[in-house]
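Rule-based calculations on the coordinates, nothing more; no lab input. The structure presented is a predicted model; accordingly, all values stated were derived computationally and were not measured. Neighbour counts run over all protein chains shown; Cβ positions are idealised from the backbone, glycine included.
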């Protein structure tokens with residue numbers, strides 16, 4: 001198995017300057033919005049916020065031909081959801097237009113191994129914080145399946161089997177494990193790989209897309225190597241021909257928010273469960289890409305590429321590309337000052353959070369959500385695999 005330079009997907013943060021080097025070093029393919037021409041992609045795709053991909057064209061062919069593919073995503077139940085998490089949901093919502101095979105794994109094993117989160121705490125966070133927001137953000141219940149790593153026998157058994165074709169030195173070279181790394185942590189990448197591959201035990205040998213951040217690429221490389229080693233699920237159509245290929249393909253969401261962490265503190269992160277006034281206060285206190293004084297701003301113009309308020313517009317709050325272009329132009333030209341700009345962002349943000357809170361509350365009272373909680377408590381997944389296996 002090939003192994004490149006190690007990268008820690010649990011704590012490493014990727015700056016924009018490092019992206020090009022990492023893409024070249026680890027063989028990540030370039031992504032362009034032209035790939036989705038005619039599919040009405042949302043702003044996340046149109047604005048070049050996808051850093052790259054591995055084999056996405058296989059899934060794209062399926063989308064354009066109306067054939068089956070699955071989406072695999074996961075949630076780490078170790079804290080509150082924030083707007084960085086929303087980027088993944090936005091992407092899954094786009095794919096849900098074209099498939100009803102969406103798998104969401106609750107990474108409670110990984111949370112326990114790497115962050116010391118108890119399984120009971122992980123269950124509470126997953127159901128009360130994450131799943132409510134998933135529904136409120138527009139993911140359709142009928143299209144996705146939720147399960148817990150710790151309670152899914154197929155995932156656990158497949159992880160054990162996958163471990164037969166790798167070794168400690170390979171895992172260490174990919175993830176940078178050391179002598180003090182606990183063994184549960186060492187085993188967690190095998191569970192991740194099993195998460196990614198096990199939907200093919202449900203749906204058959206079809207491709208899947210796994211939306212992750214660039215810092216999670218080690219899991220993608222590790223999974224692809226394991227799939228190649230086992231020669232599982234390896235049929236691909238190439239025009240009139242059938243070819244052997246390796247699976248575990250996935251898009252990589254641009255980790256732009258990681259590059260902002262020097263400007264965002266934990267205290268100023270905007271969470272999806274923030275009250276409207278709390279979120280508004282964070283925006284109004286935010287460091288911006290503007291000049292020191294209004295006079296300098298009018299004379300020199302601002303720097304939107306350095307501004308987290310502009311990033312809120314670009315990533316989350318403004319769907320209209322023309323409006324976003326006008327904001328950027330006004331900022332660079334000195335016409336737009338930071339105070340009014342923050343106020344506009346705060347108004348849009350509070351409106352979004354108010355609507356999201358109302359949807360979250362409605363979802364929590366729905367019979368569908370209550371049924372899902374009963375399944376999760378009793379079976380560890382919703383819906384049970386035997387009852388949810390869409391025809392390929």
Where does each of 52-64, 116-128, 33-45 land if you order them by average Cβ count within 10 Å, highest first?
52-64, 116-128, 33-45
Return the distance in nm (one decimal) between the two label points of a simple spin-label model at residue 142 and residue 39, each offset 7 Å from Cα along Cα→Cβ.
2.3
Relative contact order as a percentage, region 262-364, C-alpha pairs under 8 Å and 6+ apart, gives 34
